[in-house]
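Here is the structure we will look at, set down as structure tokens.
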Amino acid sequence: MRWLFVIVVAASCGGGSPEVKQGGGSATVTTKPPIPKGTGSGSATVAISVPDVGCLTATCAYHQGTATYFTCLAGGAGVCFHFGAACTPSESCMVDANDKTYKQCTNAVEGTCSQWGAACAPANRCMFSFDDGMYHHCDDVSGGACKRYGALCAP
């Protein structure tokens, strides 16, 4: 039955939005159960409820060890667990490792910025902290820097 759930989720997540979607509903799947041997040719259908888990999509996360942005293929609780290819955040608001602030990148190349613009902050305020190497929601942003970090957030 688990394979059916995986197929339903995969089919519902084909292409689309660059953000994680969260829902509160459920999907109904109709399936034909296996017919026990020797019982004839019935065609009973069974409705099962599958929770709406949403479509997780990769984000673009900062990697402190290389001062580069990479696609985060799996992460949460303030860290990225599995990095993929180099990327540029959709807002082009990136961490400048030299002064540890967020700035608008006017020329991004392979996950790094070669030309900086004005200070900025990601729209969701989920910002990288150099103090602990984790992403936190920033409760007080000023000049591209977080003055007060809050709860952990997914990169």
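The values are calculated or read from the model by the stated rules, or taken from the named source; none is laboratory data. Quick caveat: nothing in here was measured; it's all calculated off a predicted structure. Methodologically, a virtual Cβ is constructed for each residue, glycine included, from the backbone with ideal geometry; neighbour enumeration extends over all protein chains shown. These accessible areas exclude ligands, DNA and RNA; they are computed on the full protein's heavy atoms, side chains included. Shrake-Rupley method; radii C 1.70, N 1.55, O 1.52, S 1.80 Å.
Values for this structure:
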| quantity | calculated |
| --- | --- |
| Check on PHE81, exposed (fewer than 14 other Cβ atoms within 10 Å of the Cβ), under 15 Å from PRO155 (Cα atoms) and either of a type in the set (Phe, Trp, Tyr) or touching a residue at least 40 places away in the same chain (Cβ under 8 Å) (or both) | yes |
| Restricting region 129-155 to residues that are in contact with a His (Cβ under 7 Å, 6 or more places away or on another chain) and of a type in the set (A, V, I, L, M, F, W, C), the residue that is surrounded by the fewest Cβ atoms within 10 Å (Cβ to Cβ) | ALA151 |
| Long-range neighbours under 8 Å by Cβ, at least six apart or interchain, first residue free of Cβ contacts under 8 Å to residues at least 60 places away in the same chain and of a type in the set (A, V, I, L, M, F, W, C) within region 95-107, second open to solvent by 60 Å² or more (accessible area, probe 1.4 Å) and part of a strand (DSSP E or B) | CYS105/GLN115; CYS105/TRP116 |
| Lone unmet requirement of (1) in contact with a Ser or Thr (Cβ under 9 Å, 6 or more places away or on another chain); (2) closer than 21 Å to GLY75 by Cβ; (3) open to solvent by 40 Å² or more (accessible area, probe 1.4 Å) for ASN107 | (2) |
| Scope region 111-124; condition within 22 Å of the chain's Cα centre (by Cα) and surrounded by fewer than 16 Cβ atoms within 10 Å (Cβ to Cβ); matching residues | ALA123, ASN124 |
